[in-house]
Structure formats: C-alpha cells, structure tokens
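Down below is the structure, laid out as structure tokens.
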Ligand SMILES: [Zn+2]
C-alpha cells in the first residue's frame, strides 16, 4: 500500500468511527432505522472464545460477554432471525428490519458456549457447517497449517515446506515471509491460499502436520462439533446451513469440483439431519474466493441463499446468491454494527459515499 493509499484508508476509518459513534450515542440510529427501507443485516463470526479454540487466530473469535451484549442490544431495535427466515421474509417486503447472527465452519464452542448464550438472549442463529469434519472427522488444511506453524515457527516452517514441495515459484514467495514478523502467519497463509496449487499444498501441509506430531482425529475432536452436537443445535432451533465439504476456495475449482463441494455438503447435511438445508456460505467469502460457476452451482443445488464476507446490508432486491455479511471478532464494535444495521452506512452509500469497509 502506497503512502497516499494508506492515508486515504486511515481517513476513511476515522470518518467511519466518527459517523458511527455520532449515530449510536445520539440515538439517531433509531430514526435512520425507521426511515430507511427494511433490510436484513447478517453478522458473521466463527467461534465464541473458549478452551477448545485457544489455538485459533484472534480474528476467528469473539468473547461471550461481548457477543451477548451485542445481541441483547440488537434485540431491542431489530428482529433477530436466522438467515433462512430472514431471506424468506425479505422476499415478502418486510415491515421491520432484521438482523441474523451466523457462525461459520461448525466449531465445538458453537455447542458448548454459543447455544446457552442464544438461550440466555432468547434468539436464534445460523451455523454454516463444513461436512467433512462431521462425516470423516477430518479438518481442512488451514488447521493443519496453524498446528505446524505453531510447532515449527515461521522460519523452520518455510524451510521444511520448501524441502517437501515441488512448486519452485510458491517456495520463493514463501521464503519472502520466513523472517518471523508478527504478520508472518497471515502472509504465509495468504501465499498458501492463493499462490499454491491446492492439491500440492494439501499434500505438503498434511505431511508437515504429521511430522509435527499432529493427530487429525484428535484435532477434529477438539475443534469441531460432532453429529450429536450439530443435531442438538438443530433441535434447539438453530438453523444449520452448508459451507462446502472441505472448505476449499471455490474459485480455484472447476464446475465439477464446485458441485462436489457445494451439492456434496448439502446432501451430507440433509442425510445427517433428516431435513432440507436451505442456506449456504462461500468459504473465505471474498469476491475472489468464488466465481460464476460456484454461484450457479449453489443456485442449482437448491439453496435459497448464499452469503459472502463483504460488509453491507441486504435489501429485497439484493441477489440471493451474494448476500453480504459483517464480520465480527474480538475487535467488534457495537456502534459500527448498529450504524450498518440501522441503514446508516447504506444512507451514505446512496449519497455516493461508501464508508462501510
Ligand atoms: Zn469458513
């Protein structure tokens, strides 16, 4: 990022803060909410911080007390719904604006910590599940990567990876980030996500994970829910949606690969739950992580909606295969969430000023 770009980014962040705080603390968000068209805001997280996810990065977790405070506030001003119910109501021109909480991947804490929290607040949520952890007790490559990186440190990780990988170009890119900076994990994961052939990466990361003493079944049992726990969420009224079989970047797969991942996860969940599954979330969820064949595949599989991870609210006219979501983690700020959910950022977007992201 150049200096000018960095300045613009900071200025935008500052303006976003000031605007959101003003709306929130003045109470004007109530007025904006009333006058803006009814909308569906979807929050997206992964884990409620707890012992089962202590090894996962900070941006995948939110503290229970913070989430409870956020949901309790939103409950006063919006209708809290599941994504499935919100999408159905969005089609019939809703009178009231809605907020849905969604959590991705299917982590253990969604059963041990999220479920009791939802019961305390008295609301529902949508949990998007990868199906391989449920059916095969296997975990996707990112967790094996975190495990190996944690054991080896960045320098040794890169050294071992390059010794095992045949991809010279990717090896050179990894070597640029070996020097243990605070952001090394982020940069290494980024290279492995976007610049390495997926099959080769999965093979090498798998081998490193085993070299570091990793046991996949045990890691899966620590991190992910099993079928019994998923069914307990289902029975409690939490909506379960699909999130592919193996959490692959869909834009790196061809149409057949997308079908295996997307339709395959729908079929697996419907087999395990015994009823239809109507909601889907793209893994990673940025525009470059899915493409037209993936969108077509999600629609053809019979999903009523698919969500990404770009910030914004969803209106009746929003394409159902590209619903937007607001990411929440340990840094989530209630005033920013409320400024989005009340339509405050949408109001500015309509005036040609996009402050939301
Ligand atoms: Zn995910």
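Restricting attention to the stretch 321-344, which residues are assigned to a helix (DSSP H, G or I) and touching a helix residue (DSSP H, G or I) at 6+ places or on another chain (Cβ under 6 Å)?
321, 334, 335, 336, 338, 339, 344, listed by residue number.
Just a yes or no: is a residue in the stretch 309-320 buried (at least 19 other Cβ atoms within 10 Å of the Cβ), outside any loop (DSSP other than H, G, I, E, B) and within 15 Å of the ligand (Cβ to nearest atom)?
The answer is no, given that none of the residues of the stretch 309-320 is buried (at least 19 other Cβ atoms within 10 Å of the Cβ), outside any loop (DSSP other than H, G, I, E, B) and within 15 Å of the ligand (Cβ to nearest atom).
State yes or no: is residue 86 touching a strand residue (DSSP E or B) at 6+ places or on another chain (Cβ under 7 Å), within 30 Å of residue 268 (Cβ to Cβ) and away from the ligand (no atom under 16 Å from the Cβ)?
yes
Residue under question is residue 195, and the condition is that it be modelled with pLDDT of 85 or more, surrounded by fewer than 16 Cβ atoms within 10 Å (Cβ to Cβ) and under 23 Å from the mean Cα position of the chain (by Cα); does it hold?
When the stated conditions are applied, residue 195 passes them.
In the stretch 282-308, which residue that is under 30 Å from residue 95 (Cβ atoms) and in a helix (DSSP H, G or I) is nearest to the ligand (Cβ to nearest atom)?
Once the filter is applied, the top-ranked residue is 298.
Return the only residue of 269, 240 being more than 15 Å from residue 141 (Cα to Cα), touching a residue at least 60 places away in the same chain (Cβ under 8 Å) and within 16 Å of the chain's Cα centre (by Cα).
Exactly one residue qualifies, and that residue is 240.
Could you check the stretch 246-260 and list, in sequence order, the residues that are more than 12 Å from the ligand (Cβ to nearest atom) and in contact with a helix residue (DSSP H, G or I) (Cβ under 9 Å, 6 or more places away or on another chain)?
Of everything in the stretch 246-260, those that are more than 12 Å from the ligand (Cβ to nearest atom) and in contact with a helix residue (DSSP H, G or I) (Cβ under 9 Å, 6 or more places away or on another chain) turn out to be 251, 252, 253, 254, 255, 257, 258, 259.
Could you tell me which residue of the stretch 135-154 is modelled with the highest pLDDT, considering only residues that are away from the ligand (no atom under 15 Å from the Cβ) and under 19 Å from residue 50 (Cα atoms)?
Looking at the filtered set, the residue picked out is 147.
Please list, ordered by first then second residue, the pairs with beta carbon atoms under 8 Å, 6 or more apart or interchain, first in the stretch 116-134 and closer than 17 Å to residue 49 by Cβ and in the same structural domain as residue 259 (by TED's automatic domain parsing), second assigned to a loop (DSSP other than H, G, I, E, B) and more than 16 Å from the ligand (Cβ to nearest atom).
Going by the 8 Å Cβ cut-off, the qualifying pairs are 118/124; 118/236; 118/238; 125/82; 125/238; 127/238.
Give 273, 269 a once-over and let me know the one that is at negative phi and within 16 Å of the ligand (Cβ to nearest atom).
269
What tally of residues in the stretch 306-330 results from selecting those that are under 30 Å from residue 191 (Cα atoms) and touching a residue at least 60 places away in the same chain (Cβ under 8 Å)?
10
The values are calculated or read from the model by the stated rules, or taken from the named source; none is laboratory data. The model shown is predicted, which means the values in this text are computed figures rather than measured ones. Cβ: placed from backbone, ideal geometry, glycine included. Neighbour counts: every protein chain shown.
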